[in-house]
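Just below is one structure, and these are the notes that go with it.
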Amino acid sequence: MSKAHFGLIGLGVMGENLVLNAESKGFSSVVYNRTYSKTESFLKGRGLGRDISGAIDLQDFVNRLERPRRILMMIKAGSATDAVIDQISPFLEEGDLLIDGGNSEFRDTERRVKKLESQSFGYIGMGVSGGAKGALEGPSMMPGGTKASYEAIESLLKKMAAQVEDGPCVTYIGPGGSGHFVKTVHNGIEYGIEQILSEAYDLMRRIGGMTGSEMADVLGHWNKTEELSSYLVEITEICMRTKDTDGGDIIEKIMDKAGQKGTGLWTVLSALELGASVPTIYASLNGRVLSSLKEERLFAESILKGPSIKTFDIGDPSEGMIPLMDAVIVSTIVCYAQGMELMRIASNEYNYSLNMPSIAQIWKGGCIIRSRLLKRIQEAFSADPQLPNLVIDPWFADQVNKRLSNLANVVAGAAQAGVPVPCLSSSLDYINSYRTGRLPQNLVQAMRDCFGSHTYQRVDKEGVFHTDWID
Ligand code: 6PG
């Protein structure tokens, strides 16, 4: 029996779709799942008639693969990944390659790359984005590890990936855990844009009094613009338009408590550790945390009264609600800017040598945050790979300058009407802070020196100073 080109461990929906994708590109495959009944039902169902066989145990799985073996693990991040690595390692031979396609914490990947490479195996930590459909039809993939390990799977990944006008949505990200780090930041941006669009929905519903179909029409319009055309706007339109069995808007029946699997939290933790400013992403995470306090919120609603103002101008739906659209555009730009900035800082700190234009390029297709803006982001970082912040690139600065007053109007109106807009307001504050040459942190410095002699620098001369402040 000829040996298979590619092996997959973990027949969850992502695993199933990725192996079907690989097989459809000409890579005969073998699959293994902890429970064999799952393997059997896959082979009798979606895997039927495909060049895919099933293994009973890990030894059988490894034996069915050609060398050097290329094995993709699509299993739960954390201890389950370590357990599978420990179970399969005794059967592996020099040069065999394990690829972790789950949403692993990048430091775990860093540790695993070191361990596996020291045993003469290859190890790739690969972010995979695009959900179930992307996995089947072409995801965006962010592989990190040694260059040699990447090269061993490059041709496979390039065929499996989503394709955009300038190539496949996969590239070598960098050493160690860099692939999973970049995927984590991708998810942080994903959290931010999801929350920005949810705030826009809330304003359309509560201030505009609009129905699902009316909101869907506005989103459909936004999705045709260069600034907002994106997968997340596209699916927001679908969520707004979809009806429940009783004919009402399904969105209104969904419980307003958002869960999370960890990547948004890791983005914020990394940013805090690295001293990167990501307030829009943090606001989206905090939005999920507060949303989970459903019972407390319901109780507080009966005690804490909001302002009496009930409405303000968020725009005319027949014109695409320009003030609201501007607010969403600036906040979305700011969200990408914060993610890119975090990656730039992390790249220097962790010696990842991240290629920012390439990362923007592989996010243009397949992944959840794919959008037309990414072409502009790619161009901005191609023009200046060390661009300190996306918002000072000429095209993005022009967008911010044209639209900032509308973001301010929407945030001010929402504040007066008592509607929470944490991502929109964080984005506004971020821009206002970033564009202010003199911030009030001189007073922070003065206070620190006053109570703790922490010293300060001056704007008018070099050196380190202390004042004997009058008690
Ligand atoms: C993707 C997604 C995916 C992620 C989910 C859930 O790029 O395909 O980022 O990997 O796991 O979106 O994330 P949360 O449950 O944390 O929202």
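Annotations
- Test: TYR456 is aromatic (Phe, Trp, Tyr), over 23 Å from LYS310 (Cα atoms) and assigned by TED's automatic domain parsing to the domain that holds THR332: no
- If only residues of region 36-55 that are in contact with a strand residue (DSSP E or B) (Cβ under 7 Å, 6 or more places away or on another chain) and of a type in the set (Ser, Thr, Tyr) are counted, the one that is surrounded by the most Cβ atoms within 10 Å (Cβ to Cβ) is THR39.
- Scanning region 266-279 for residues that are in contact (Cβ under 8 Å) with a residue 40 or more places away in the chain and either away from the ligand (no atom under 16 Å from the Cβ) or more than 12 Å from the chain's Cα centre (by Cα) (or both) gives SER270, ALA271, LEU274, GLY275, ALA276, SER277, VAL278, PRO279.
A quick yes/no check of all residues on (1) closer than 22 Å to SER427 by Cα; (2) in contact (Cβ under 8 Å) with a residue 12 or more places away in the chain; (3) loosely packed, with under 14 Cβ neighbours inside 10 Å:
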position: ILE309; (1), (2), (3): no, yes, yes
position: VAL328; (1), (2), (3): yes, yes, no
position: ASN351; (1), (2), (3): no, yes, yes
position: SER358; (1), (2), (3): no, yes, no
position: SER371; (1), (2), (3): yes, yes, no
position: GLN378; (1), (2), (3): yes, yes, no
position: LEU387; (1), (2), (3): yes, yes, no
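- Residues of region 138-156 satisfying the condition of being under 14 Å from LEU97 (Cα atoms) and within 16 Å of the ligand (Cβ to nearest atom): PRO143, GLY144
For (1) closer than 21 Å to LEU97 by Cβ; (2) surrounded by 20 or more Cβ atoms within 10 Å (Cβ to Cβ); (3) in contact with a Phe, Trp or Tyr (Cβ under 8 Å, 6 or more places away or on another chain), each residue gets a yes or a no:
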site: LEU8; (1), (2), (3): yes, yes, yes
site: MET14; (1), (2), (3): yes, yes, no
site: VAL30; (1), (2), (3): yes, yes, yes
site: ASP57; (1), (2), (3): yes, no, yes
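- Selected residue (only one of SER37, SER79, SER53 is farther than 23 Å from PRO143 by Cβ and without any contact (Cβ under 8 Å) to a residue 24 or more places away in the chain): SER37
- Within region 426-457, being closer than 30 Å to ILE329 by Cβ and small (Gly, Ala, Ser) holds for SER426, SER427, SER433, GLY437.
- Condition met for SER453 (among the small types (Gly, Ala, Ser) and under 32 Å from the mean Cα position of the chain (by Cα)): no
- Residues within region 442-471 that are surrounded by 13 or more Cβ atoms within 10 Å (Cβ to Cβ) and at positive phi, tallied: 1
- Taken over region 119-169, the residue count meeting the criterion of being in a strand (DSSP E or B), surrounded by fewer than 22 Cβ atoms within 10 Å (Cβ to Cβ) and in contact with a Leu (Cβ under 8 Å, 6 or more places away or on another chain) is 1.
- Exactly one residue among LYS158, LYS147 is in contact with a Phe, Trp or Tyr (Cβ under 9 Å, 6 or more places away or on another chain) and at pLDDT 95 or above, and that residue is LYS147.
- When we screen LEU197, LEU203 for residues that are more than 16 Å from the ligand (Cβ to nearest atom) and assigned to a helix (DSSP H, G or I), the only hit is LEU203.
- Number of positions in region 86-135 that are of a type in the set (A, V, I, L, M) and away from the ligand (no atom under 16 Å from the Cβ): 7
- Residues in region 227-237 that are away from the ligand (no atom under 16 Å from the Cβ) and over 29 Å from ALA346 (Cβ atoms): GLU237 alone.
- Each residue in region 409-427 was checked for being in a helix (DSSP H, G or I) and under 26 Å from the mean Cα position of the chain (by Cα), and 8 of them qualify.
- Residue in region 216-225 that is touching a helix residue (DSSP H, G or I) at 6+ places or on another chain (Cβ under 6 Å), assigned by TED's automatic domain parsing to the domain that holds VAL268, free of Cβ contacts under 8 Å to residues at least 40 places away in the same chain and within 21 Å of VAL421 (Cα to Cα) present: yes
- Positions within region 250-265 being touching a helix residue (DSSP H, G or I) at 6+ places or on another chain (Cβ under 7 Å) and either modelled with pLDDT under 95 or near the ligand (Cβ under 8 Å from one of its atoms) (or both), in sequence order: ALA258, GLN260, THR263, GLY264
- Residue in region 64-72 that is in contact (Cβ under 8 Å) with a residue 24 or more places away in the chain, within 16 Å of the ligand (Cβ to nearest atom) and either within 16 Å of LEU8 (Cβ to Cβ) or assigned to a loop (DSSP other than H, G, I, E, B) (or both) present: yes
- Here THR436 fulfils each of the conditions (1) in contact (Cβ under 8 Å) with a residue 60 or more places away in the chain; (2) of a type outside the set (A, V, I, L, M); (3) part of a loop (DSSP other than H, G, I, E, B) apart from (1).
- Residues within region 398-415 that are out of contact with any Leu (no Cβ under 7 Å at 6 or more places or on another chain) and surrounded by 15 or more Cβ atoms within 10 Å (Cβ to Cβ), tallied: 8
The values are calculated or read from the model by the stated rules, or taken from the named source; none is laboratory data. This structure is a prediction, so every number in the text was calculated from the model and none was measured. Ideal geometry is used to build each Cβ from the backbone, glycine not excepted, and the neighbour counts take in all protein chains shown.
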